[in-house]
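What follows is a short report on a single structure.
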Amino acid sequence: MVILAGLVFRLFAPVPQPPGELIDVGGFSLHINAIGAQNDKPTLLIESGAGAPSEYYYWLGEMLKDSMRVVRYDRAGIGYSDLSDASRDPETIAGELHTLLEKAGESPPYILAGHSYGGHYIRVFTALYPDEVAGLVFIDAPHPNSSERLNMPPEPKFLKALYKVGAITGDLGVLGLGDRVLGPILRAPGLPEEVTNRYFDYTLNGKYLWGYLEEEKGYPELVEKARLINDFGSRPVRVFAGTNLNEKALLKMGLNPEEIRTERRKMQEEIAGLSTNGQAFFLEGGHITIFSLKENAAIICKEILKLLVEL
């Protein structure tokens, strides 16, 4: 009965209306949302975290669009973008982004902003296209050695199985139906309703979770590549990190929250130190609220505008 209801829901669900454009990059389309006038200043290009839709970074775009060009996009399978049959290795993903930018009429130089694992992706893009990158911004991005240095336990094996179940139920329409009854499974506190309402588009089928699972296969290689890309010379680097931790969860894992906080701070300062022109900023926020809360986004945008003046 639940499956039948899900299939009926999927059959009659409205067709998603992406806020940006879908552009063919070679047999599949990627979603790009560019705002702000094109000019001779560097363009801010935002690389999302693992499984994070470009809509999460709404405030960064809205607060900067009057001063610079801002480009957000969804990697293959994520958000509004199509799935891709190509390998999800970091070079392929960077190449797809480069093709997308060219076909969308965007042009360098770029200031790359990477949230979470997006911080690893912008390292790879910089290594492949160094002449196109004017600066880098890391937003609560992990250090390539963070798992070892923080002594974090491996991700529970059941999670991958859970994602697969979610993807299958998504294809059956059950996930989308549940999303509308119980509320969106994706959450980024502080964003306006017009943005959060679009989260329902992502669960109309299982594409989003299949895309995340495919990309997840390439994460070990991504981390290894990021570890080797560790010198940005005098190219400006700005690092923003949240100071809020889930202390209860850390204690359950037998970890000391203060030790974790101290080591995380040290690693974020090390990322800033990859450039002779690097700075680290520590904000009161979590992994998502460091940019989804308007007051935190304002701090990040203020520093990006200062960086823009330097370039």
Most packed first (mean Cβ within 10 Å per residue), the peptides 56-65, 85-94, 228-237, 180-189 order as 56-65, 85-94, 228-237, 180-189
Rounded to a whole number of µm²/s, how large is the Stokes-Einstein D of the chain at 25 °C and 0.890 mPa s, given Rh as the Kirkwood radius over C-alpha pairs? 122
How many angstrom separate the Cα center of the stretch 76-92 from the Cα center of the stretch 218-297? 25
Please check which bits of the stretch 257-301 a label hung off Asp231 would reach, taking the label as a point 7 Å along Cα-to-C-beta and the cut-off as backbone N under 17 Å. 271-278
How large is the accessible surface per residue of the stretch 150-215, computed with a 1.4 Å probe and reported in Å² as a whole number? 54
The answer for the net charge of residues other than Leu191 whose Cβ lies under 12 angstrom from its Cβ, with Lys and Arg +1 and Asp and Glu -1, is -1
Rounded, prolate or oblate: pick one for the stretch 1-157, where a ≥ b ≥ c are the square roots of the eigenvalues of its C-alpha gyration tensor, a/c under 1.5 means rounded, and failing that, prolate if a/b is larger than b/c, else oblate. oblate
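Could you do me a favour and compute the accessible area per residue for the stretch 217-311, 1.4 Å probe, result in Å²? Let's see the in-between values first.
Values: 5010 Å² over 95 residues.
Solvent-accessible surface per residue comes out at 53 Å².
Using only the Cα atoms of the stretch 208-258, build the gyration tensor, take square roots of its eigenvalues as a ≥ b ≥ c, and label the shape rounded, prolate or oblate: rounded if a/c is under 1.5, else prolate if a/b is larger than b/c, else oblate.
It is oblate, given that a/c is not under 1.5 and a/b is not larger than b/c.
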Please work out the Cα center distance from the stretch 108-167 to the stretch 177-212, rounded to the nearest Å. 22
How high is the relative contact order of the chain? Use alpha-carbon pairs under 8 Å, at least six apart in sequence, and give a whole percent. 21
Of the listed links Lys157/Lys207; Lys252/Lys294; Lys160/Lys252, those spanning more than 24 angstrom between alpha carbons are Lys252/Lys294
Largest-first ellipsoid semi-axes for the stretch 179-311, taking √(5λ) over the Cα gyration tensor eigenvalues, angstrom: 29, 21, 19
Please identify the helices of the chain, taking whole runs of DSSP H, that span at least 18 Å along their own axis as judged from the Cα atoms and have a mean Kyte-Doolittle score of 0.0 or higher. 158-171, 294-310
Net charge, Gln17 excluded, C-beta distance under 13 Å - Lys, Arg +1, Asp, Glu -1: -3
Neighbourhood charge, 15 Å Cβ-Cβ cut-off, centred on Glu295 and excluding it, Lys, Arg +1 and Asp, Glu -1: -1
Using 0.36 nm per residue, how much length does the chain from Leu311 to Arg261 gain when fully extended, once their Cα-Cα distance is taken away? 14.7 nm
Quick one: what do you get for the stretch 154-229 if you divide its Cα Rg by 2.2 N^0.38 Å? 1.31
Summing -39500 (n - 2.57) over the DSSP H runs of n ≥ 4 in the chain and dividing by its residue number, what mean residue ellipticity at 222 nm do you reach, to the nearest 500 deg cm²/dmol? -13000 deg cm²/dmol
Whole-percent carbon and sulfur contribution to the accessible surface of the chain (1.4 Å, no ligands, DNA or RNA) stands at 56
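The values are calculated or read from the model by the stated rules, or taken from the named source; none is laboratory data. Not measured: the values here are computed from a predicted model. Quick reminder, even Gly has a Cβ in these numbers, built from the backbone with ideal geometry, and neighbours come from all protein chains shown. Just so you know, the surface numbers come from the protein's heavy atoms only, side chains and all, with ligands and any DNA or RNA stripped out. Shrake-Rupley method; radii C 1.70, N 1.55, O 1.52, S 1.80 Å.
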